[in-house]
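Worksheet: the structure to be examined is printed underneath.
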Amino acid sequence: MHVRMLTGGVAAACLVSLSLTGGHAVAAAPAANDAPLAARVLTYDAGGAAEFRSAVDRGAAIWNESVDSVELRPVASGQRANIRVLADNGWPRALPSGLGSGTVYIGRQAVNQGYNTVRISSHELGHILGLPDRKPGPCSSLMSGSSAGTACTNPYPNSAEKAEVEGNFGGELAGRAAAVHAGVIVD
């Protein structure tokens with residue numbers, strides 16, 4: 001048995017040596033780490049969003065159209081969601097509990113003042129995706145929030161905001177983004 005193992009080892013060493021000294025070069029198959037990463041799926045529960053449910057669904061769809069590294073999906077029945085969305089009478093806010101998780105409140109106070117519900121939803125989901133407020137700011141910046149005024153209805157992240165979310169969920173900035181989630185973000 002020892003002779004067979006020794007012979008097998010010598011034969012393997014010879015094959016490796018021969019492949020290194022002559023013949024054609026053959027490319028190795030790409031490592032699993034080189035493959036593009038699949039989008040991280042985050043589920044949301046808009047069951048408590050009351051009259052804002054369709055605005056929440058649209059806000060999630062906007063993020064899905066805008067970035068590749070994360071996908072927001074409604075939670076399946078009987079499962080726990082990463083993101084809970086609730087309606088209340090206060091001001092809109094997000095309480096992140098970590099990158100990609102937390103609670104969003106779609107506050108009626110801002111809606112009653114004339115702010116766009118889809119922009120609010122998309123903005124608050126942006127906080128859960130690791131983006132801070134950027135006030136004051138123009139309407140072209142989703143994370144400018146209420147500082148863009150009630151006439152602003154733009155619910156889309158700009159290129160810098162998209163890139164930051166891609167980085168957050170692509171791994172490069174995940175550690176930095178998690179540090180943003182130290183408390184409540186009120187808009």
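Among the numbered criteria (1) small (Gly, Ala, Ser); (2) under 25 Å from residue 160 (Cβ atoms); (3) in contact with a Pro (Cβ under 6 Å, 6 or more places away or on another chain), which one does residue 130 miss?
That leaves (3) as the condition not met.
Quick one: residue 132 ticks every box in (1) open to solvent by 50 Å² or more (accessible area, probe 1.4 Å); (2) of a type outside the set (D, E, K, R); (3) modelled with pLDDT of 95 or more except a single one, so which number is it?
Answer for residue 132: the failing condition is (1).
From the list 50, 76, 38, pick out the single residue that is of a type in the set (A, V, I, L, M, F, W, C), in contact with a Leu (Cβ under 9 Å, 6 or more places away or on another chain) and surrounded by fewer than 18 Cβ atoms within 10 Å (Cβ to Cβ). Let's see the steps before the verdict.
Values: 76 fails: in contact with a Leu (Cβ under 9 Å, 6 or more places away or on another chain); 38 fails: in contact with a Leu (Cβ under 9 Å, 6 or more places away or on another chain).
On inspection, the qualifying residue turns out to be 50.
From the list 146, 140, which one is at pLDDT 95 or above and open to solvent by 40 Å² or more (accessible area, probe 1.4 Å)?
On the way: 146 fails: open to solvent by 40 Å² or more (accessible area, probe 1.4 Å).
When all the criteria are applied, what remains is 140.
The values are calculated or read from the model by the stated rules, or taken from the named source; none is laboratory data. Everything quoted here is computed from the prediction, not taken from an experiment. Virtual Cβ from ideal backbone geometry, glycine too; neighbours counted across all protein chains shown. The area values use the complete protein model at the heavy-atom level, side chains included, leaving out ligands, DNA and RNA. Shrake-Rupley method; radii C 1.70, N 1.55, O 1.52, S 1.80 Å.
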